[in-house]
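Reviewing the structure listed below.
Rule-based calculations on the coordinates, nothing more; no lab input. None of these values were measured; they are calculated from a predicted model. Neighbour counts are summed over all protein chains in view; Cβ atoms, including those assigned to glycine, are modelled from backbone coordinates with ideal geometry.
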Amino acid sequence: GAVVSQHPSWVICKSGTSVKIECRSLDFQATTMFWYRQFPKQSLMLMATSNEGSKATYEQGVEKDKFLINHASLTLSTLTVTSAHPEDSSFYICSARDQLGQGLETQYFGPGTRLLVL
Amino acid sequence: TQLLEQSPQFLSIQEGENLTVYCNSSSVFSSLQWYRQEPGEGPVLLVTVVTGGEVKKLKRLTFQFGDARKDSSLHITAAQPGDTGLYLCAGVGGGADGLTFGKGTHLIIQP
């Protein structure tokens, strides 16, 4: 299957600082990428849909000014957690949509980024 | 509102036993995917089912898509400790963009 990378794999930061997470599709172009958040023992919660060349679409309850998303190319989307607080500590996972044609699609997930805000 | 109901949420069984995980919805999906996730890693795609009534086999795993494309099941035969993980079903379509995930099934296979 297709490969999606995420960087960094884990990050520890002080409260009030900003953290940028990168998501790259390595062997295919993705006009759409997704950002998820996952708490321990829980499923993935969609935060936002990242569209290449346009503004991201945020899910209800997700602060767009706090979670800045940029999808500047067909292979890269970035999520910046601004003014991070301890409650932002979580596992952040991105995925890239691969359009297979005939209405079919598959999402390939990155390995995730563990964020710990002290 | 959770569009995909996944059950059971937790399951712990002995090695060699069989098990079935269910994924149900009131919505129709154009396709449904099953993922397996290990702690600290991203989900890995196991299978995509597209056609109502479709059955796909992946070694000891059997996936079925309901005739009405509203539900799916994952059956594991002779479970092994390596099958331990979080199993997620996710639907495409159903009124939402992207994937709609079930809450997941935490599976533990004890040796």
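The set of residues in region A:3-37 that are under 19 Å from A:F67 (Cα atoms) and of a type in the set (A, V, I, L, M, F, W, C) comprises A:W10, A:V11, A:I12, A:C13, A:V19, A:I21, A:C23, A:M33, A:F34, A:W35. Looking at A:S25, A:S18, just one residue is surrounded by fewer than 19 Cβ atoms within 10 Å (Cβ to Cβ) and of a type in the set (S, T, N, Q), and that residue is A:S18. Of all the criteria given as (1) more than 13 Å from chain A (Cβ to nearest Cβ); (2) under 23 Å from A:I93 (Cβ atoms); (3) in contact with a Leu (Cβ under 8 Å, 6 or more places away or on another chain), the one not satisfied by B:G82 is (3).
I'd like the full set of residues that are of a type in the set (D, E, K, R) and within 14 Å of chain A (Cβ to nearest Cβ), limited to region B:57-75.
Restricting attention to region B:57-75, the residues satisfying the condition of being of a type in the set (D, E, K, R) are B:57, B:59-60, B:67, B:69-71.
Correct list: B:R69 only.
Scanning region B:65-84 for residues that are more than 17 Å from B:P8 (Cβ to Cβ), crowded, with 17+ Cβ neighbours inside 10 Å and without any contact (Cβ under 8 Å) to a residue 40 or more places away in the chain gives B:F65, B:G66.
From the list B:Y35, B:Y87, which residue is touching a Ser or Thr at 6+ places or on another chain (Cβ under 6 Å) and among the hydroxyl-bearing types (S, T, Y)?
Details: B:Y35 fails: touching a Ser or Thr at 6+ places or on another chain (Cβ under 6 Å).
Answer to the selection: B:Y87.
Please indicate, with yes or no, whether at least one residue in region A:46-53 is in contact (Cβ under 8 Å) with a residue 60 or more places away in the chain and under 20 Å from B:V92 (Cα atoms). No, because not a single residue in region A:46-53 is in contact (Cβ under 8 Å) with a residue 60 or more places away in the chain and under 20 Å from B:V92 (Cα atoms).
When region A:52-69 is filtered for residues that are farther than 14 Å from A:Y36 by Cα and buried (at least 16 other Cβ atoms within 10 Å of the Cβ), only A:E52 remains. Of the residues making up region B:85-111, those that are within 14 Å of chain A (Cβ to nearest Cβ) and polar (S, T, N, Q) are B:T100, B:T105. Surrounded by fewer than 18 Cβ atoms within 10 Å (Cβ to Cβ), within 9 Å of another protein chain (Cβ to nearest Cβ), at negative phi and aliphatic (A, V, I, L, M): does that describe B:V44? Considered against the rule, which asks whether it is surrounded by fewer than 18 Cβ atoms within 10 Å (Cβ to Cβ), within 9 Å of another protein chain (Cβ to nearest Cβ), at negative phi and aliphatic (A, V, I, L, M), B:V44 comes out as yes. For region B:45-66, a tally of residues being more than 12 Å from the chain's Cα centre (by Cα) and hydrophobic (A, V, I, L, M, F, W, C) returns 3.
Taken together, A:G110, A:G53 contain a single residue that is touching a Ser or Thr at 6+ places or on another chain (Cβ under 9 Å) and on the phi > 0 side of the Ramachandran plot, which is A:G53.
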